[in-house]
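Here's the structure we're looking at; comments come further down.
No value in this document is a laboratory result; all are computed from the given coordinates. Because the structure is a prediction, the values reported are computed rather than measured. As a convention, Cβ positions derive from the backbone with ideal geometry for all residues, glycine included, and neighbour counts pool all protein chains shown.
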Amino acid sequence: MRKLTYYIACTIDGFIGDPEGDATSMFTYTEGSYMAWMGAEYPETIPTQGREMLGVDGENKHFDTVIQGLGSYQLALDIGVTSPYNHLREFVATRSLAASPHPNVELIADDLVGRVRELKAEDGPLGIWLCGGSTLAGELIEEVDELVIKTYPQVYGSGMPMFGAGFEPRDFELGDVRAFENGVLVRTYTRKR
């Protein structure tokens, strides 16, 4: 069975964006050895256009599929990009779009959990990347097998939480921890089942 990994950037206080979901203040930390590490270790998480600009041409190491909500996908649509991760199979969870704007993007309007379970049951060595956002992560929280949390050295005070879900403790086991000179901390957790 393939893993669903929530690979996400957040602040020290656990927000993935401001109250409207904007996370551009975190982009100032994507440089130096941290960016080199991302390009080498998680090249598939860099949007296709960014990969081209940065000269990242590594093969997908962890994921062959990405799932995101309309809020995350809309960022690409707003700049005229209809397939931001064209090097992956792309799924967008939305009830707002009637038709996909790109043949590589499949829309999921109903039974999100069922569709994710189907994807997890597929054969293959690579997993599924849950890109965001908060509401989508909350809907899929029981399906999340792994967390890769890129914590940026900022505090928002309020904003969009990592999981838009009701209170219920769920346990994860800490794996790898990596710190970078710019203050970014990357932690990997595995779901205790």
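Observations on the model:
- Against the list (1) under 19 Å from ASP13 (Cβ atoms); (2) within 12 Å of the chain's Cα centre (by Cα), the condition CYS131 fails is (1).
- Scanning the range 34-57 for residues that are in a loop (DSSP other than H, G, I, E, B) and loosely packed, with under 14 Cβ neighbours inside 10 Å gives GLY55, ASP57.
- Counting only strands (runs of 3 or more DSSP E) wholly contained in the range 143-193, the ones carrying 1 or more residues that are among the acidic types (Asp, Glu) occupy 146-152, 172-179.
- Checking GLY124 against (1) of a type outside the set (Ser, Thr, Tyr); (2) under 18 Å from VAL66 (Cβ atoms); (3) free of Cβ contacts under 8 Å to residues at least 60 places away in the same chain; (4) assigned to a loop (DSSP other than H, G, I, E, B), the condition it does not meet: (3)
- Filter result (part of a loop (DSSP other than H, G, I, E, B) and either under 23 Å from GLY127 (Cα atoms) or acidic (Asp, Glu) (or both)) within the range 74-99: ASP78, THR82, SER83, PRO84, TYR85, ASN86, HIS87, LEU88, THR94
- Which listed residue is basic (Lys, Arg), more than 20 Å from THR11 (Cα to Cα) and either without any contact (Cβ under 8 Å) to a residue 12 or more places away in the chain or in contact with a strand residue (DSSP E or B) (Cβ under 8 Å, 6 or more places away or on another chain) (or both), from ARG95, ARG187, ARG178, ARG115: ARG115
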